[in-house]
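The values are calculated or read from the model by the stated rules, or taken from the named source; none is laboratory data. The structure displayed is predicted, hence computed values, not measured ones. Glycine gets a Cβ as well: all are built from the backbone with ideal geometry, and neighbour counts include every protein chain shown. Surface accessibility is based on the protein's heavy atoms, side chains included, excluding ligands, DNA and RNA. Shrake-Rupley method; radii C 1.70, N 1.55, O 1.52, S 1.80 Å.
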Amino acid sequence: MKLVDTHCHLDNNRYSEDLEEILDTVQKKMEFCVNIGCDLESSKRSIELAENNSNIYATVGIHPIDILEFSEETKIKIEELASNKKVVAIGEIGLDYYHMSAPKELQILGFEKQLEIAKKLNKPVVIHSRDAISDTVEILNRYKEIKGVIHCYSGSLETAKTLIDRFYIGISGTVTFKNAKKLIEVVKEIPLERIVIETDSPYLAPEPFRGKRNQPDYVEYVAKKIAEIKGIEMEQVIRVTTENAKKLYNI
Ligand code: NI
């Protein structure tokens, strides 16, 4: 069994020079990758990538940073795109109070409308939450039937414990950074059965590549760090997190 990257953005223009090579590496070294949509355009490109590559899957959704493009019309388009059989989730959706490119009220409204889509289509969600964990949790608690992943988790252990009955905790390269004390505690205490691994490529490259362009097979460095924190074998991390990713996305 190989590793999975549960969250990447291979449609990003930072891969325009060597995408074929990256796709080749993904084909050879990985179980599968999930390419995440952030707006309508990238959602369409995600589907295109998934249709052309057997071990790439797609998600569709409008990121909180792009939520100003969300409208009734967008909602219908997202629903249409989500019917493609390689679309495995709605996302990434959520709240971003760090960038604050739209007022809170608008972000919350766009988030709720997309949770409605997920509920209607019975799909899991990929949640983006930055500096907004308490509002995120409050909203998710109103949608008890919804499951998914909290991508690039950065909250506390206490909050993680309240989420893991319905959500996987997405661990990215940030766990390898020097200041990762809080996240290391989360990884240590949360059962491996509730953890999935991601890169968020091209962002958040793990050590020793911090600051450089990230790529899906660097999940290896995240997996190694998780094995080290939990004091378990790499093989166990690979097997369990890959099974988790399959369950999360119904693959
Ligand atoms: Ni992302």
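Numerical summary
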{"item": "Elements of type strands (runs of 3 or more DSSP E) in the stretch 128-211, at least 3 residues being on the phi < 0 side of the Ramachandran plot, touching a Leu at 6+ places or on another chain (Cβ under 8 Å) and within 16 Å of the ligand (Cβ to nearest atom)", "result": "167-171"}
{"item": "Condition check for residue 148: under 18 Å from residue 238 (Cα atoms), touching a residue at least 24 places away in the same chain (Cβ under 8 Å) and touching a Phe, Trp or Tyr at 6+ places or on another chain (Cβ under 9 Å)", "result": "no"}
{"item": "Residues of the stretch 223-250 that turn out to be β-branched (Val, Ile, Thr) and closer than 16 Å to residue 32 by Cα, as a count", "result": "5"}
{"item": "Qualifying positions in the stretch 180-214 - hydroxyl-bearing (Ser, Thr, Tyr) and open to solvent by 10 Å² or more (accessible area, probe 1.4 Å)", "result": "203"}
{"item": "Residue 56 being within 16 Å of the ligand (Cβ to nearest atom), in contact with a Leu (Cβ under 7 Å, 6 or more places away or on another chain) and farther than 30 Å from residue 135 by Cα", "result": "yes"}
{"item": "Scan of the stretch 1-22 for residues that are within 16 Å of the ligand (Cβ to nearest atom) and open to solvent by less than 60 Å² (accessible area, probe 1.4 Å), ordered by number", "result": "4, 5, 6, 7, 8, 9, 10, 11, 12, 15"}
{"item": "Close pairs from the stretch 225-239: first touching a residue at least 60 places away in the same chain (Cβ under 8 Å), partner part of a helix (DSSP H, G or I), Cβ under 7 Å, at least 6 apart", "result": "238/223"}
{"item": "So residue 31, is it part of a helix (DSSP H, G or I) and not β-branched (Val, Ile, Thr)", "result": "no"}
{"item": "The stretch 50-62, residues that are buried (at least 23 other Cβ atoms within 10 Å of the Cβ) and more than 16 Å from residue 123 (Cβ to Cβ)", "result": "56"}
{"item": "Output for the stretch 23-40, where each listed residue is away from the ligand (no atom under 15 Å from the Cβ) and free of Cβ contacts under 8 Å to residues at least 60 places away in the same chain", "result": "23, 24, 27, 28, 40"}
{"item": "Test: residue in the stretch 152-169 that is under 21 Å from residue 191 (Cβ atoms) and touching a residue at least 60 places away in the same chain (Cβ under 8 Å)", "result": "yes"}
{"item": "In the stretch 99-127, residue nearest to the ligand (Cβ to nearest atom) [restricted to those that are in a loop (DSSP other than H, G, I, E, B) and surrounded by fewer than 17 Cβ atoms within 10 Å (Cβ to Cβ)]", "result": "99"}
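Results for (1) of a type outside the set (Ser, Thr, Tyr); (2) surrounded by fewer than 22 Cβ atoms within 10 Å (Cβ to Cβ); (3) in a strand (DSSP E or B), shown as yes or no for each residue.
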| site | (1), (2), (3) |
| --- | --- |
| 24 | yes, yes, no |
| 27 | yes, yes, no |
| 38 | yes, no, no |
| 46 | no, no, no |
| 77 | yes, yes, no |
| 85 | yes, yes, no |
| 92 | yes, no, yes |
